[in-house]
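Notes follow once the structure below has been shown.
The values are calculated or read from the model by the stated rules, or taken from the named source; none is laboratory data. Quick caveat: nothing in here was measured; it's all calculated off a predicted structure. Keep in mind that these areas ignore ligands, DNA and RNA; they rest on the heavy atoms of the full protein, side chains included. Shrake-Rupley method; radii C 1.70, N 1.55, O 1.52, S 1.80 Å.
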Amino acid sequence: MDANRTLDRRRLLKLAGGAAAVGAMAPIGLPGLASPASAAGNGFGLTITDQGVFGRLNYFRFATAQIGWQPGVNVLLPDDYYSTNWRRYPVLYLLHGGLQDFRKFHMEDDIIGLTAGRKLIVVMPDGGGAGWYSNPVSSFSGPRNWESFHMNQLIPWVDANFRTYAEYDGRAVSGFSMGGFGALKYTAKYYGHFASVSSHSGPASLRRDAGLVVHWANTSSAAVELAGGTVYGAPFWDEARVTADNPVQRLNSYLNKRIFLVCGLDEDINETPVRAGQREFRSLLAAQGIPHEWHELPGAHFVRRDMLQRDIDGVIARLKKA
């Protein structure tokens, strides 16, 4: 077991209240501990390389041809998941921001507490330090096809291994910062996958301000993720890809969905362009008569606990009930 996996397990155990609180549900590979999620299996191009259960939190690592390393995924189950073998649940896919990983929401934002007593599965996958929830135009660090990993592999794997509603009214997607963009982008490109989309301080307009967010994606991915490669191409963009990913150019993809948008009011290197893009997006939604809920609040670029709780409760209200 490598150092990253050991660290994952130690942090998860601490957050779950230690071995005594976990009881019989703890990581595989340790003495006397039970299998996670009734022994989830391989499939859809994913091979499980590590896994464990920490209370309600199921942890997995996968080998996949889409990513040049083994990404992690946390699956947070409802309190009553094991009380029956027949009840199905709606699913929220929750996407982290830049320079973060799949542990962000349980380590920093108390997703375990925020979902206590709620009949909802929450899936929190790795998305790369600057993967931008995309298949990049170029990569010099091996495959970094985060979009294919999430949309073509992870979603069908989750539906095959957990008691979900594998349908439009059974799924929501939300995220913070880069993950907020990812949520809006996935909703735009995959209309039938998500009935609810939420963006917490996530960009919503790629081309405004001389393509500031495209440059943000390209420069950050080149430095952190792709060893000089880019998400959208440089110096010339893949224009079709930018258009396909750009929420403000894909308004019809947001019809008949719950839309939840949050940003801060402080002037900040991240939040200022986010706020401008969300305002543009909101004005276009309003012009098209597309309902949406939005909040502009004091502060800059961070997840607001009360807004994440409001978002979770709104997701549950919109999706098919367990």
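Classified by the C-alpha gyration tensor, the chain has a prolate form. Its axis ratio a/c, with a ≥ b ≥ c, is 1.5 or above, and a/b is larger than b/c.
Suppose we keep just the DSSP beta bridges with both residues in the chain; what percent of those would be antiparallel, to 5? List each step's numbers first, then the result.
Details: 18 of 42 bridges.
Counting DSSP beta bridges with both partners in the chain, the antiparallel share is about 45 percent.
The share of accessible area on the range 167-322 that comes from carbon and sulfur is 57 percent, using a 1.4 angstrom probe. The residues of the range 166-322 expose, per residue, 38 Å² of accessible area to a 1.4 Å probe. Reducing the range 242-267 and the range 157-226 to their Cα centroids gives an inter-centroid distance of 10 Å.
So which residue, out of LEU226, LEU297, LEU46, gets the largest mean-square fluctuation from a GNM of the chain using Cα contacts under 10 Å as springs? Of LEU226, LEU297, LEU46, the most mobile in the Gaussian network model is LEU297.
Name the shape class, rounded, prolate or oblate, that the alpha-carbon gyration tensor gives for the range 159-266, where a ≥ b ≥ c are the square roots of its eigenvalues, rounded holds for a/c under 1.5, and otherwise prolate holds if a/b is larger than b/c and oblate otherwise. Can you show the working numbers first?
Details: a/c = 1.84, a/b = 1.61, b/c = 1.14.
It comes out prolate by the Cα gyration axes.
What do you reckon, how do LEU284, LEU251 stack up by accessible area (1.4 Å probe), largest on top?
Working: LEU284 60, LEU251 20 Å².
Solvent-accessible surface, decreasing: LEU284, LEU251.
Straight-line cross-link partners of LYS257 among the lysines, defined as a Cα under 24 Å from its Cα and at least 8 positions apart when in the same chain: LYS119, LYS185, LYS189, LYS320, LYS321. When the chain is treated as a Gaussian network with alpha carbon springs shorter than 10 Å, the biggest mean-square fluctuation among ARG103, ARG56, ARG310 belongs to ARG310.
Where a ≥ b ≥ c are the square roots of the eigenvalues of the C-alpha gyration tensor, would you call the range 244-322 rounded, which needs a/c under 1.5, or, failing that, prolate if a/b is larger than b/c, or oblate? Oblate shape, in that a/c is at least 1.5 and b/c is the bigger or equal ratio.
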